[in-house]
Each structure stands twice: as C-alpha cells, then as structure tokens.
1. Residues A:16, A:31, A:79: which one is in a strand (DSSP E or B) and within 14 Å of chain B (Cβ to nearest Cβ)?
2. Does segment A:187-195 contain at least one residue that is over 24 Å from residue A:60 (Cα atoms), acidic (Asp, Glu), in a helix (DSSP H, G or I) and not assigned by TED's automatic domain parsing to the domain that holds residue A:85?
3. So for segment B:224-233 (the condition being within 16 Å of the chain's Cα centre (by Cα), of a type in the set (A, V, I, L, M) and surrounded by 24 or more Cβ atoms within 10 Å (Cβ to Cβ)), does at least one residue qualify?
4. Please determine whether any residue of segment A:144-161 is buried (at least 22 other Cβ atoms within 10 Å of the Cβ) and more than 30 Å from residue B:313 (Cβ to Cβ).
5. Of all residues in segment A:89-111, how many are within 7 Å of another protein chain (Cβ to nearest Cβ) and closer than 22 Å to residue A:171 by Cα?
6. Here are some conditions: (1) without any contact (Cβ under 8 Å) to a residue 40 or more places away in the chain; (2) part of a helix (DSSP H, G or I); (3) in contact with a Leu (Cβ under 6 Å, 6 or more places away or on another chain). Residue A:96 meets all but one. Which one does it not meet?
7. Kindly indicate whether any position in segment B:196-203 is surrounded by fewer than 19 Cβ atoms within 10 Å (Cβ to Cβ), part of a helix (DSSP H, G or I) and either at pLDDT below 95 or within 14 Å of chain A (Cβ to nearest Cβ) (or both).
8. Residue under question is residue B:214, and the condition is that it be under 21 Å from residue B:86 (Cα atoms), in a helix (DSSP H, G or I) and facing another protein chain (nearest Cβ under 10 Å); does it hold?
Amino acid sequence: MLEIQGLTKRFGGLTAVRDVTTSFERNRINAIIGPNGAGKTTFFNLVSGYHKPTAGRILFDGQDVTGLRPDQVAKLGVARTFQSTNLFDQATVLDNLIVGHRLRTTSTFWDVVFNTQRLRADEHRCRAKAEEVLDFVGLSSVAHHLAADISQEERKRVAFALALATDPKIVLLDEPAGGVNPEETLGLAELIRKMIRTGLTVCLIEHKMDMIMSLADKIVVLDHGEMIAEGPPAQIRSDQRVIEAYLGADYAAA
Amino acid sequence: MTSKTWQKPLLAVLLAFAIIFPMVAANDYYIYVMSLAYIMAIAAVGLNLILGYTGQLNLAHAGFMAIGAYTVGVLTVDYGVPYWIAFVLAGALSAVVGFFAGLLSLRLKGHFFSIFTLCVGFIIYLIIEKWDALTHGTVGIIDIPAPSGLGPIRFDNTWSQYYLVLFFLVLSLWFMSRIVHSLLGRAFIAIRNGEDLAETLGINLMRTKVLAFVLSTFYAGMAGALYAGFVRFIGPAMALESHTFDMIAFILVGGIGTLFGPLLGAILLTWLTQSLQFLQDFRMIVFGPLLILLIMYFPQGLIGYWRQRQARRAAASVQDRRLQRSVLASQQEVRSNA
C-alpha cells in the first residue's frame, strides 16, 4: 500500500535518509527501528510531506505522492502522530478532537457567514466523529475533562484519536509508547492491534523492543540513514548487522 | 448549572448597561471616551483573531486601522464621497492590502513573521507620512465629516455617535462569535496549538492563515473608518506600532483568545488611562507594575482566568455525576445480588 523507492534526504552536507527502498503492506503493523539519529523521524516527515525528498519516490495506493504538502497527503488518507502532542489545554478533550474531521467536510468561510445548513451538518458530523474515535481509543470517560488534566498515557490515546478522526488508511505513529509505563505500553499495543482489526495499516517508530518484537509483522532497521535490514521480527533478531548497530549482543542472546 | 445557561442573561444585562450608559454618564466627555474605547475594542477584536485564535503576532495592525481611517478621510474630504460609501471601501481596501501583505508575510513563521509585520506597519506609516499629495502628509486630514444620517437617524452629536459605534461593536462581536465557534474557528485554534499537527489534520496552513489575516485587517479597517468619522481628525502617527502595542495590551489584560477579552481590556485600560491623566507622564509608574502583576497572576487575562475556572468546574461536575451514577449502579447490583 505504501511503496518507497530510492528515498533520499540531504540537509546540506548531512544525509539523513539514504536511498531507502521498501514497501509496507496493507493491514499490517510495520515498525521502523534504529539508534537515535538514524533518520526514522525524517523518514516519517518525508512520507507525510513535511520535507521534500532530495531523490526517490513515494507511492501511496499506487499514486505518486512525492512532494505533496502535508494537508494534501492527509486528505489522501495518511495520518500521523508526533512524539509530543500539543493540545488546547483550556478546552475539553472532546473539543480538541472535533477539528480532526474538518478535512472531510466541505463548508467554507461563506457557510460560516450565512450559518448554512451545510455548516451545521458538517459540525454535527465532526462532533459525532470525535465521539466515535474517543470511544474507540477508550477515553469516553474523560471526554469532558480539560485537556490540561489528563495523564500522559491518555494524551497518547488522544493523539491516536486525532489521527483516526481524519479517516485515514494508514497511520504513522512516532514513538507511541514513549514516556509511558510498561503496563500502559501493553494497553497501547492492544489499541494498535485493534486499529489493524478495523482494516487500518500501521507504521510505527519505537524503541521499546519487547513491544515491537511481539507486535510487528515487519521491521525496517535504519542506521545512519541507510536501511540495513528488513523482515519479520525473528529474522531481524538474528541479523548480525542489526545486532551490531542497535540491539546489542545481549538482546540477541535473550 | 452550566456556563451556557446564564451566559445569555449576562450578555443582556451588559448590553442594557451599554444602552443606558449615556443617560447615566456625568457628561458628554465620558460618552466620548467610552465610544473611543469601543472603537479600539473593534480593532482589538480583529487583532485577537489572528493573535489570540490563530497564534500569529501581527504588529502591523495599527497600520491597517490607519488605512481604513485614511480611506474615509481622503475620500470624504478631497473627493466628496459620501461617508457610508467611503466606510464600505475602507473595510474593503484594508482587507485587500491585508490579503497581499498576508500572502507575503505569512510565508514566515513565529518571530520572523512578527518582525516582518513590524516593517509592514512602518512602511504603511511612511507612505502615509510622505505621500503629501494623497494623504496631506504630516499635517494629517482635518474636518472629516461625521457619518451622514441614515433615514431619520442623524449622527451629529456624541450621543447618536455613541449608539452608532455600539451598534458596530455588537455586530463585530456577534460575527466574531460565529467565526470562532465554527469549524473554521477550530481550524484557526488548531494552527495556534501547533502548525505541524494542524497540517497533519489536513488543514491548508497558508490558506487558513491568510483568511484569518484578511478578516482581522477587515476589522482594523472598519475600526479606522469609524475612528475617522468620530474623531474627525487623523494623522500618520495612528499607523505607528505603539498603537498596535496598545491593542495587544487590551487583549492581554482582557484575555487572549477569548471573545470578550479585547473589549474588557479596551474599556478597563482606557478608563484607567483617563483616571490617571492627572499624573501626566508619571502614570506609567502606576501602569507598568499593574500590567506586570496582571501578567504574573492572570497570564490568561481576566476573562481567560474566569473561563478556565468555569471549565474546570464544569468538568468536575460531569465527573461527580458520573461517580454518583456508578455508585448508584453498584448499590443496585449489591441489592439485586442480595
């Protein structure tokens, strides 16, 4: 569903991503791992349109999306989360989510001026969507809490919900379990599996190896911007280059 | 009791107070000062859209207000255009200039945007000051006609002008309320919270920001046009950034990103300035520390502080109700088991 061909990104003299070719299959959990500075987030930024690649192509559902703006990529069905999500702390969690479905609505400034039927229908739809995704991520109970008052783990779930509100086909998750405790990590992993069950495709960056190894269908390993391995967890675990670059001898033995 | 149920009565009381204000004011001068506060509030409400809701600090706002004022001044005094036609053109011209200025300046982000708009404002000031043939240069424009009557209503005294300004203030707030509570307003707020995230949610950054910018300059132009017809004298200094900073102070005191914050700030600070007139330049000694204390203890502004308390209370009451329900449910369960 997502095909990457010879993707390269140079920032001045630094090559953050070098000639990466891989593909992510529909309805699978794909993981990108690698040491800090390996180019993982840059890779996400390229796919979601924040950076224009120096070379290479990105095909989404067979369509060339290379060089599109982030909002255009989002409309095609690519959603993403960030390592940290800035919410509007003075508003409720539900209020924060309503804008997520805005891209699927059509009302314009003039609908606002004349307070048209279409605008009201759109706003109703966005609110319903916000409630639906909040329920999906299991946060209905905090819908009316102020965003300032929710926990770190709930914040992560809200970030998921925002991404889901855009009606995506693929969701890119940047360290979804960063900064949450082991028990909560299991809960988030279960949520990712639930997303797969509804037909979504997931691609995630994560450092928590236990989570990745049990969750991912396919792992792509980046090191210094280059892809040094790809394949199912079992294969990655025993790959000599991956062990040297990232996992360390201990993990391979375990 | 949710905050919405008594919001309407409160607004009605405030409006009633605004309507009887001229009848209880000690003299015409008070009415005059209040009208000026309202005009500045309209401009500040516009600035709040781009600054408070969209998160872009535009320092050229006073320049756009000057464009509106000068459109009315030049057209009515030098070309004999009727006030109300000049009034409409003032808003339109400010918005058109705002569109091109926004298209250019919004390519920059954060502080760079602010610095660029500081220059835009100064360029507007320079054009007004140097273009003698069109703007009368440093002399300014005097004897601008008061707004012409509409049907049986005349606007030739302070009273009637007060009500005219009040009418436009209410209209501005009503329209702003509609914008910020719509999906469009949510898109503006999303941009303020984080441009990257907003873009990920499929919001076209440039288009949305330019729209907010144009709307805010339209408000500035309208405020300028009202100012020209009310004060009836304008000079190039009104385009200076110090006036933008006045409006920013209104917004910060009243509540940034709140509907009524700019109005509250404009009224409070205008009256405070008036009542400290006797101190002359020393009034800044009172003014400065007061502003600092306010920012320290009410960083969200007065209305922002109040609203946060309300929101927290509402969230707590929802929680309470849910807790009560679950307690009731468990009691029933215990009973049915027994």
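The values are calculated or read from the model by the stated rules, or taken from the named source; none is laboratory data. Owing to the predicted nature of the structure, the values given are computational and were not obtained by experimental measurement. All Cβ positions, even for glycine, are placed from backbone atoms using ideal geometry, and neighbour counts span all protein chains on display.
1. A:79
2. Yes, because at least one residue in segment A:187-195 is over 24 Å from residue A:60 (Cα atoms), acidic (Asp, Glu), in a helix (DSSP H, G or I) and not assigned by TED's automatic domain parsing to the domain that holds residue A:85.
3. Yes; the residues of segment B:224-233 include at least one that is within 16 Å of the chain's Cα centre (by Cα), of a type in the set (A, V, I, L, M) and surrounded by 24 or more Cβ atoms within 10 Å (Cβ to Cβ).
4. Within segment A:144-161, not a single residue is buried (at least 22 other Cβ atoms within 10 Å of the Cβ) and more than 30 Å from residue B:313 (Cβ to Cβ).
5. Count: 6.
6. If we test residue A:96 against (1) without any contact (Cβ under 8 Å) to a residue 40 or more places away in the chain; (2) part of a helix (DSSP H, G or I); (3) in contact with a Leu (Cβ under 6 Å, 6 or more places away or on another chain), just (1) comes out false.
7. Within segment B:196-203, one or more residues are surrounded by fewer than 19 Cβ atoms within 10 Å (Cβ to Cβ), part of a helix (DSSP H, G or I) and either at pLDDT below 95 or within 14 Å of chain A (Cβ to nearest Cβ) (or both).
8. So residue B:214 fits the description; yes.
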